[in-house]
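Peer 1: One structure, as structure tokens, below. Some questions next.
The values are calculated or read from the model by the stated rules, or taken from the named source; none is laboratory data. Values in this document were obtained by computation on a predicted structure and should not be read as measured data. As a convention, Cβ positions derive from the backbone with ideal geometry for all residues, glycine included, and neighbour counts pool all protein chains shown. Side chains included, ligands, DNA and RNA excluded: accessible areas come from the protein's heavy atoms. Shrake-Rupley method; radii C 1.70, N 1.55, O 1.52, S 1.80 Å.
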Amino acid sequence: MRSAGLKKRFYFLCGLTITLILLQLIGSILPIPLLEWGVIPRTGEGFIGIFIAPFVHGSWPHLFSNLLPLLILSFLSMTQSLREYVTASIFIIFFSGLLVWIFGRHAIHVGASGWIFGLWALLIAHAFTRHKVIDIVIALFVLFYYGTMAYGLIPGQLGVSTESHIAGVIAGLLYAWCARRVVKRKSRVIEVAK
């Protein structure tokens, strides 16, 4: 990564951090019920929450438990490009939110954990779909430092949206598979053009 690219990624992550902290501050200080913007399965207002829920957290401890893994996994996901990271994140946020909206238990699902689990699964999947040395090294790092995240996929934990975790993993794996298909299709088109 060039220094200009690193700077751009750093500013992006700073902006993400500030956004999450500001939203939590607004929810804590002002009488604005931000939690109502979470994913509420099978309701119209809950559908709107699909894109908002990852940025809203139930408490400061909830935010801080998500913030560091989100920033680290986001940075690692930016090795290819910032654009690809943003595309993958939008896909993961929408698809995992949609799965929670369709299949989740009736509750208000908020927090970035579905997004985090999606990035986690995506980084591991890249080792198998892209076969690049950097992707294998990142996948090993993610498995070593964040392997215990797999416990978050076990249902029945109080106050935890396991549905978001599972949906995030599915979304991350699906994005990796789709991205691989696109690359294969492009390489076939290039071969035919030759």
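Peer 1: Would you be able to tell me the number of residues in the stretch 150-176 that are open to solvent by 30 Å² or more (accessible area, probe 1.4 Å) and part of a helix (DSSP H, G or I)? Before the answer, list the steps.
Peer 2: Going residue by residue through the stretch 150-176, those that are open to solvent by 30 Å² or more (accessible area, probe 1.4 Å) are 150-151, 153-160, 163, 166, 170, 173-174.
Still in the running and part of a helix (DSSP H, G or I): 150-151, 153, 163, 166, 170, 173-174.
Total satisfying the criteria: 8.
Peer 1: For Ile50, indicate whether it is under 17 Å from Gly168 (Cβ atoms), hydrophobic (A, V, I, L, M, F, W, C) and modelled with pLDDT of 95 or more.
Peer 2: On the way: under 17 Å from Gly168 (Cβ atoms): yes; hydrophobic (A, V, I, L, M, F, W, C): yes; modelled with pLDDT of 95 or more: yes.
In short, yes.
Peer 1: Name the pairs: first residue in the stretch 82-100 and within 17 Å of Glu45 (Cα to Cα), second residue charged (D, E, K, R) and assigned to a helix (DSSP H, G or I), Cβ to Cβ under 6 Å, at least 6 apart or on different chains?
Peer 2: Val100/Glu163
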